[in-house]
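Beneath this line is the structure, given in structure tokens, with notes to follow.
Nothing in this text is a laboratory measurement; each read-out follows from the coordinates by a stated rule. Note that this is a predicted model, so its numbers are computed, not measured. For neighbour counting, all protein chains shown are included, and Cβ atoms are generated from backbone atoms with ideal geometry for every residue, glycine included.
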Amino acid sequence: MAYQNLIVEIEDYTCLIRLNRPDALNALNSALMAELAAAVTAADRNDKVRCIVITGSEKAFAAGADVKEMATKGFADVFFDNLFGPEAEAIARCRKPVIAAVAGYCLGGGCELAMICDFILAADTAKFGQPEINLGISAGMGGTQRLTRCVGKSKSMDMHLTGRFMDAVEAERAGLVSRVFPAKSLLEEAMKIAAKITEKSTITAMIVKEAVNRAQETTLAEGLLFERRMFHAAFATEDQKEGMAAFLEKRTPQFRDR
Ligand code: CO8
């Protein structure tokens, strides 16, 4: 598929998706979101992909939903369009690991998109924020829910109510970001981390993703039971036999996703 707002490359089992609206700081318009949902869904179904990296430019991961596109819309327009709901859900439904590599502005819908990903790597230039309140709206693609689960109620309220930006150091301290790199090496480091993930059994990586996500969505008792059952299920895979045999034989495992 030819994309107008993305650059998509697949190499060595990693699908790199670059948001590409440089004139608008990668603002998320309907066309970009539809392409992104399609690209992530295609990568999820592609046997040549084991990990996905979503990134933007040096200046911006994404400066939010496209204000120019939204400004004149009324309630009925966004309600019947279900603005960005299906696209966000399609990205969240991806079963393979998805990494956000964030440099520069990561605001509003951009921050929400990064939080839909499984973890966030940040450049030291990254600025996170939910400034929707300045536009007379609230977050609408998961910000009030995911940021709160991520950084706790107090900091989430602060971010949403003041619209202030959080730098990479604060974001890492707060648990929004897993690691911070110098801006120049962000993408290289993100691709190295993706490559590490592609060496694992993709079946196991997908089980891990499902189980960790359960922690956000269910009770501790249900989550623990789900984890234990998935742990038991892993013993039905050839990759478990290979992983344990390789450990005992002091060699690198050759996973076959079976
Ligand atoms: N939408 C559209 N265009 C944008 C956006 C945006 N969010 N952000 C930047 N741009 C455009 C600017 O209009 C400008 O274009 P032009 O040159 O044609 O005027 C270009 O990008 C460069 O921007 P600036 O000149 O403003 O660059 P600065 O470096 O001076 O400032 C900032 C950078 C601070 C990032 C500034 O651009 C800014 O504040 N942007 C808006 C940030 C914002 O409010 N984001 C939240 C948007 S609302 C949202 O995300 C809702 C999410 C819910 C979606 C789900 C719906 C259900």
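Candidates are the residues of the range 114-140 that are within 12 Å of the ligand (Cβ to nearest atom), surrounded by fewer than 21 Cβ atoms within 10 Å (Cβ to Cβ) and not β-branched (Val, Ile, Thr); the one that is farthest from LYS73 (Cα to Cα) is PRO131. Among the residues of the range 64-91, just one is more than 13 Å from the ligand (Cβ to nearest atom) and touching a helix residue (DSSP H, G or I) at 6+ places or on another chain (Cβ under 8 Å), namely ALA90. For ALA100, the stated conditions hold: it is aliphatic (A, V, I, L, M), away from the ligand (no atom under 13 Å from the Cβ) and either within 18 Å of ALA43 (Cβ to Cβ) or surrounded by 24 or more Cβ atoms within 10 Å (Cβ to Cβ) (or both). Can you tell me which residues in the range 179-234 are in contact with a Lys or Arg (Cβ under 6 Å, 6 or more places away or on another chain) and free of Cβ contacts under 8 Å to residues at least 40 places away in the same chain? Selection gives GLY223, PHE226. Screening the range 16-30 for residues that are touching an Asp or Glu at 6+ places or on another chain (Cβ under 9 Å) and either farther than 17 Å from CYS117 by Cβ or in contact (Cβ under 8 Å) with a residue 40 or more places away in the chain (or both) and picking the one that is farthest from the ligand (Cβ to nearest atom) gives LEU16. Confirm whether ALA42 is more than 16 Å from the chain's Cα centre (by Cα), among the small types (Gly, Ala, Ser), surrounded by fewer than 20 Cβ atoms within 10 Å (Cβ to Cβ) and more than 13 Å from the ligand (Cβ to nearest atom). Judged against the criteria, ALA42 is not a match. Of all residues in the range 141-150, those that are free of Cβ contacts under 8 Å to residues at least 60 places away in the same chain and within 10 Å of the ligand (Cβ to nearest atom) total 2.
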